[in-house]
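Novice: Let me begin by handing over the structure; questions about it come next.
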Amino acid sequence: MTVASPEKLAEALDSVGYLADDGIATAGFLALRLGRPLFCEGEPGTGKTSLALGLAEALDMPLIRLQCHEGIDAAQALYEWDFPRQLLHLRALEASGNGHLDVETAEQSLYTERFLLSRPLLKALQTAPCVLLIDEIDRADDEFEAFLLQLLDENAVTIPEFGEVRAEHPPLVVLTSNRTREVHDALKRRCLYHWLEHPGLGREIEILRRKVPHLGEALATQVATAVHRLREMELLKPPGVAESIDWAQALLALGKSELDAAVAARTLGSVLKYSEDLDRVRAKLDKLLA
Ligand SMILES: Nc1ncnc2c1ncn2[C@@H]1O[C@H](COP(=O)(O)OP(=O)(O)OP(=O)(O)O)[C@@H](O)[C@H]1O
Ligand SMILES: [Mg+2]
């Protein structure tokens, strides 16, 4: 699907429930138009993962997701040979050949697509056009980052026993990071970069109203305002949009239509996840809701 402008992309994202500001819409548009990966960095809960999900839905493309973690390697990310099935195949060949097995032919027949298990990166090359989400790349090791470079440069990978797999249409690649460590320049250089901020007050109210059915404007405004104040308090873990949504849902579940100090004190656990943060905020509840 082609998109004419950042504004059109923002509209398409809006129609699937993702509210993009100008910066996000422009970054997404350019990634699409220039065929470059989009590297999204930002605090937890600023909408990085859901941007990739939203892009896939808005552009009507399949989403292929690779969740990174410490120790992730090519076998988990790219492909594996289906060893048990290869063995079975070999046994079957032996049995049917009455002891006359042509070793070279047998070997060749083992390294065919039948026995190739595609993991997300390979699947994305085979499936494209699609959105490939490489989520939380900062959790992976340096070597894994280096391994991604060829794929991002060429939209192709080489499998030694099989040959090259090249995408017919380059996937739209979205990488995300919480910046628990710096990602290498070599990787960043290949990408367009966008730093996601927490949404402004107006956009957060709008997000809450979209994501939490039956949430009135007044309560949405109170929750978003309080969350914005919490983000200015230098807490150990400032709340993201996910926490605002949780808080609004908790308040509705308790039948509340207003956020006052008593109910805020009871429900703060929806939005703060460290006891130090809870203690600090409980001592200043009046300011939070003023
Ligand atoms: N712009 C937005 N429009 C609609 N929903 C949003 C937006 N930003 C965040 N959200 C909602 O906030 C929640 C958290 O977003 P998401 O999981 O994408 O954050 P994240 O940046 O990937 O966080 P983490 O770093 O913890 O993985 C989701 O429920 C998502 O739907
Ligand atoms: Mg995420």
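The values are calculated or read from the model by the stated rules, or taken from the named source; none is laboratory data. In this text the structure is predicted, and so the values were computed from the model without any measurement. Cβ coordinates were reconstructed from backbone atoms using ideal geometry, including for glycine residues, and neighbour counts include every protein chain displayed. With ligands, DNA and RNA removed, areas are computed over all heavy atoms of the protein, side chains included. Shrake-Rupley method; radii C 1.70, N 1.55, O 1.52, S 1.80 Å.
Novice: Within region 214-241, list the residues whose amide N lies under 16 Å from a label point set 7 Å along Cα→Cβ of LYS273.
Specialist: Within reach of a label on LYS273: 231, 235-241.
Novice: Among all the lysines, which ones have a C-alpha under 29 Å from LYS188's C-alpha, if same-chain residues fewer than 8 places away are not counted?
Specialist: Candidates past the 8-residue exclusion: LYS8, LYS48, LYS123, LYS237.
Novice: Once amide H atoms are built 1.01 Å from N in the peptide plane, which residues 5 or more positions from CYS130, or in another chain, come under 5 Å H to H?
Specialist: For CYS130, the qualifying residues are LEU172.
Novice: Most mobile of LEU149, LEU254, LEU55 per a Gaussian network model of the chain (Cα springs, under 10 Å)?
Specialist: For the chain, modelled as a Gaussian network with Cα springs under 10 Å, the answer is LEU254.
Novice: Using every Cα-Cα pair within region 1-121, state what percent have a distance larger than 18 Å. Before the final figure, lay out each step's value.
Specialist: On the way: 4732 of 7260 pairs.
Across region 1-121, Cα pairs with separations above 18 Å total 65 percent.
Novice: Mind listing the phi-derived Karplus ³J(HN,Hα) values for region 230-242, rounded to whole Hz, using 6.51, -1.76 and 1.60 with θ = phi - 60°, and x for any glycine or proline?
Specialist: 3J(HN,Hα) across region 230-242, in whole Hz: 4, 5, 8, 8, 6, 7, 5, 9, x, x, x, 5, 4.
Novice: Right, something else. Quick one: angle between helix 6-15 and the longest Cα principal axis of the chain, in degrees between 0 and 90, rounded to 10, please.
Specialist: Here the helix axis deviates by roughly 80 degrees.
Novice: I would also like to ask the following. Among PRO37, PRO171, PRO129, determine the one that fluctuates most according to a GNM of the chain built with springs between C-alpha atoms less than 10 Å apart.
Specialist: Highest fluctuation of the listed residues: PRO129.
Novice: How long are the semi-axes of the equivalent ellipsoid of the chain, taking √(5λ) for every eigenvalue λ of the Cα gyration tensor, in whole Å from largest down?
Specialist: Working: eigenvalues 432, 91, 61 Å².
Computed over the chain, the values are 46, 21, 18 Å.
Novice: Right, next: At 1.4 Å probe size, with every protein chain present, just tell me what the per residue accessible area of the chain comes to in Å². Kindly include the intermediate steps, with their values, before the conclusion.
Specialist: On the way: 14800 Å² over 290 residues.
It amounts to 51 Å² per residue over the chain.
Novice: For region 181-187, just list the computed ³J(HN,Hα) in residue order, Karplus coefficients 6.51, -1.76 and 1.60, θ = phi - 60°, integers in Hz, with x standing in for Gly and Pro.
Specialist: So the J values, rounded to whole Hz, are 8, 6, 7, 5, 4, 4, 6.
Novice: Using modelled backbone amide H atoms (1.01 Å from N, in-plane), which distant-in-sequence or interchain residues come within less than 5 Å of LEU175's amide H?
Specialist: LEU38, PHE39, CYS40, ILE134
Novice: Which three extents, in angstrom, do the Cα atoms of region 1-46 have along their principal axes, listed largest first?
Specialist: Taking max minus min along each principal axis of the Cα atoms, region 1-46 gives 30, 24, 16 Å.
Novice: Looking at region 136-212, which trypsin sites (Lys or Arg not before Pro) are DSSP coil and have at most 15 other C-beta atoms within 10 Å of their C-beta?
Specialist: Values: sites: ARG139, ARG166, ARG179, ARG181, LYS188, ARG189, ARG190, ARG203, ARG209, ARG210, LYS211; in loops: ARG179, ARG181, ARG190.
When the trypsin sites (Lys or Arg not before Pro) of region 136-212 are filtered for loop state and at most 15 Cβ neighbours within 10 Å, ARG179, ARG181 remain.
Novice: Something else about it: Over region 201-288, what portion of Cα pair distances is larger than 15 Å, expressed as a whole percent? All intermediate terms of the calculation are to be shown ahead of the outcome.
Specialist: On the way: 1947 of 3828 pairs.
The share of Cα pairs beyond 15 Å in region 201-288 comes to 51 percent.
Novice: From the phi angles alone, apply the Karplus equation (6.51, -1.76, 1.60; θ = phi - 60°) to region 130-139 and give each ³J(HN,Hα) in whole Hz, x where the residue is Gly or Pro.
Specialist: 7, 9, 9, 9, 9, 8, 6, 4, 5, 7
Novice: I'd like the distance between the alpha-carbon centres of region 67-107 and region 1-52, rounded to an integer number of Å.
Specialist: Cα centroid to Cα centroid, the span is 41 Å.
Novice: Let me know the charge dipole size of the chain about its Cα centre in debye, to the nearest 20, where only the beta-carbon of Lys, Arg (+1) and Asp, Glu (-1) is charged.
Specialist: Working: 31 positive and 46 negative charges, 197 e Å.
Rounded to the nearest 20 debye, it is 940 debye.
Novice: If we count every other residue with Cβ under 10 angstrom of GLY42's Cβ, Lys/Arg +1 and Asp/Glu -1, where does the sum land? Mind showing how you got there, number by number?
Specialist: Numbers: positive: LYS48, ARG179; negative: GLU41, GLU43, GLU197.
Local net charge: -1.
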